[in-house]
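Reading through the structure tokens given below for one structure.
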Ligand code: DX5
Ligand code: ZN
């Protein structure tokens, strides 16, 4: 699968989201971090902002829900214009039902694992998903250091996906930069979220291109 880059607007200027979306020209997705101050100790944005953003950009929206009760909220984010919705398995009451509901509404269904959550207990869920997100930092904040100890988990997950003969995308999120993206790609990730590495750069579009080149090496 080709490398895909998903810049996280968590590191963008929230008062100029539409312009920030176009500044990351060449990105495959725009990663939108929804935080509720319960699942993670931080608060960002909700359904109305996603609705406006989806009207303001043609880049597909990659929603990352770091919230309690995703079973209730995820479908509303699809209706608000999300093209892909990631819920955390630690928060979902009925992950299979939720993934099916997201897919039935014509969005890609994705499930995220916090660093301490293993993949093995969820092997049977893989066919229900379009993407799996392996967090490479504790969710909640941008700009944290990449957790190298997640690399074996990425590798094992890629093997599991292969063993099941699935076409699942494998996303990494947290501390992904020009310095760490090659290791992630080598371990089997193919969708890369980058916040500070894109929006902390002088030209976000140049940063997107550089990340893609590093990952394709
Ligand atoms: C963190 C968020 C990330 C965050 C990544 O909980 O899920 O998407 O924006 O930021 P960087 O790339 O700066 O680590
Ligand atoms: Zn994220």
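All of the numbers you see were taken from the coordinates with simple rules; none came from a lab. Here the structure is a predicted model, which means the values were calculated and not measured. Cβ sites come from the backbone with ideal geometry, for glycine too, and all protein chains shown count toward neighbours.
Can you work out which of the residues in segment 164-178 that are more than 16 Å from the chain's Cα centre (by Cα) and touching a residue at least 12 places away in the same chain (Cβ under 8 Å) is surrounded by the fewest Cβ atoms within 10 Å (Cβ to Cβ)? Let's see the steps before the verdict.
Start the filter on segment 164-178 by keeping residues that are more than 16 Å from the chain's Cα centre (by Cα), which leaves 164-167, 178.
When the remaining residues are screened for being touching a residue at least 12 places away in the same chain (Cβ under 8 Å), the result is 164, 166-167, 178.
Working: 164: 13, 166: 14, 167: 8, 178: 15.
So the residue we want is 167.
Of the residues in segment 115-146, how many are part of a loop (DSSP other than H, G, I, E, B) and closer than 20 Å to residue 9 by Cα?
Looking only at segment 115-146, we keep the residues that are part of a loop (DSSP other than H, G, I, E, B), and these are 115-119, 129-130, 136-146.
Remaining after also requiring closer than 20 Å to residue 9 by Cα: 136-146.
Number satisfying all stated conditions: 11.
If a residue has to be within 12 Å of ligand 1 (Cβ to nearest atom) and in a helix (DSSP H, G or I) to count, how many in segment 178-197 make the cut?
Qualifying residue count, segment 178-197: 4.
Going by what's in this entry, would residue 161 be described as buried (at least 22 other Cβ atoms within 10 Å of the Cβ), over 29 Å from residue 38 (Cβ atoms) and in contact with a helix residue (DSSP H, G or I) (Cβ under 7 Å, 6 or more places away or on another chain)? Before the answer, list the steps.
Details: buried (at least 22 other Cβ atoms within 10 Å of the Cβ): no; over 29 Å from residue 38 (Cβ atoms): yes; in contact with a helix residue (DSSP H, G or I) (Cβ under 7 Å, 6 or more places away or on another chain): yes.
Spelling it out, it is not the case that residue 161 is buried (at least 22 other Cβ atoms within 10 Å of the Cβ), over 29 Å from residue 38 (Cβ atoms) and in contact with a helix residue (DSSP H, G or I) (Cβ under 7 Å, 6 or more places away or on another chain).
One line per residue, one yes/no per condition, for (1) buried (at least 22 other Cβ atoms within 10 Å of the Cβ); (2) away from ligand 1 (no atom under 14 Å from the Cβ):
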{"residue": "40", "(1), (2)": "no, no"}
{"residue": "63", "(1), (2)": "yes, no"}
{"residue": "77", "(1), (2)": "yes, yes"}
{"residue": "101", "(1), (2)": "no, yes"}
{"residue": "104", "(1), (2)": "no, yes"}
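Looking at 160, 151, which is the one that is more than 21 Å from residue 84 (Cα to Cα), assigned to a helix (DSSP H, G or I) and touching a residue at least 40 places away in the same chain (Cβ under 8 Å)?
When all the criteria are applied, what remains is 160.
Identify all residues within segment 191-206 that are touching a residue at least 60 places away in the same chain (Cβ under 8 Å) and touching a helix residue (DSSP H, G or I) at 6+ places or on another chain (Cβ under 7 Å); write none if there are none.
192, 194, 195, 196, 198, 199, 200, 204, 205
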